[in-house]
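Right, one structure below, let's go through it.
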Amino acid sequence: MTIRQPAVAGMFYPADPVELRWMIEGLLAQVTPQPAEPHALIVPHAGYIYSGPVAATAYAHVASRAGQINRVVLLGPTHHVRFQGLSTCTADAYQTPLGLVPLDRSILELTPPLPHVQPLDAAHLREHSLEVQLPFLQVVLGKFTLIPLVVGEARPEETAEVLERLWGGPETLVVISSDLSHYHDAATARRIDAETCRIIEARRPDLLTGERACGCRAINGLLAIAQRRQLPVTTVDLRNSGDTAGGRDRVVGYGAWLVG
């Protein structure tokens, strides 16, 4: 069995499984979910002390569907390797301190195949945008299979095509990993992120750029589907690192949305 080992355990989140579960359960306990059964989430991917409280506001909305959701399609931006399209992983599982997450390899068997989706293990090896979502998913869902996709230089229609092919039914959850604005002062970040929030709520993939969200390519694919299917997009949180655990001179923005 080939296992993709954790790259940021002990840095972005606790490496100790007891401490990690305790931290996530504590963050989830602070959330009162709205009546909603989203098919997709948009969540941030920074260190848990910074973005964990925001991510928890989205993940709390799927905790009641543990046992129903058994497949997660997870997309996040590349931070280390430049490439065209989207990359899958040839490993059999992702490892976290909470255990193994088996990979669903069905995307590699799609007929006809998607030309802009190729295996590229190097893009997964050190990528935190996917990894940091897994402990949250393990706590709220228990057992599930994973389709992890790192998004490189991909057009919205390419990402949307992948998501359409993998969309599934109630058994599938789509998770898009993205932070928002980077390294502005807190007041500027709040203004920019509020504009970004309005773009996401309006389902406008033509307006969302990398300056607004590092995961814009994945988000834009999801927004294209939400537009086509007339799915509602609901904001559940919008904060920045100055609101959670950092200073206010150079902050990173975080948001959480429910789609469907």
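Brief remarks follow.
- Scanning segment 53-69 for residues that are over 23 Å from D16 (Cα atoms) and part of a loop (DSSP other than H, G, I, E, B) yields a total of 4.
- Qualifying positions in segment 25-51 - touching a Ser or Thr at 6+ places or on another chain (Cβ under 8 Å), in a helix (DSSP H, G or I) and surrounded by 21 or more Cβ atoms within 10 Å (Cβ to Cβ): Y50, S51
- When residues of segment 8-24 are limited to those that are assigned to a loop (DSSP other than H, G, I, E, B) and at negative phi, the one most open to solvent (accessible area, probe 1.4 Å): M11
- I200 closer than 18 Å to L74 by Cβ and either over 18 Å from the mean Cα position of the chain (by Cα) or crowded, with 20+ Cβ neighbours inside 10 Å (or both): no
- Tally, over segment 244-260, of residues that are open to solvent by 10 Å² or more (accessible area, probe 1.4 Å) and in contact (Cβ under 8 Å) with a residue 40 or more places away in the chain: 8
- Members of segment 10-28 found to be touching a strand residue (DSSP E or B) at 6+ places or on another chain (Cβ under 9 Å) and closer than 16 Å to A55 by Cβ, listed by number: Y13, L20, M23, I24
The values are calculated or read from the model by the stated rules, or taken from the named source; none is laboratory data. Worth saying up front: this structure is predicted, and the values here are computed from it rather than measured. Positions of Cβ are generated from backbone atoms using ideal geometry, with glycine treated the same way; all protein chains shown enter the neighbour counts. Areas reflect the complete protein model, heavy atoms only, side chains present, ligands, DNA and RNA absent. Shrake-Rupley method; radii C 1.70, N 1.55, O 1.52, S 1.80 Å.
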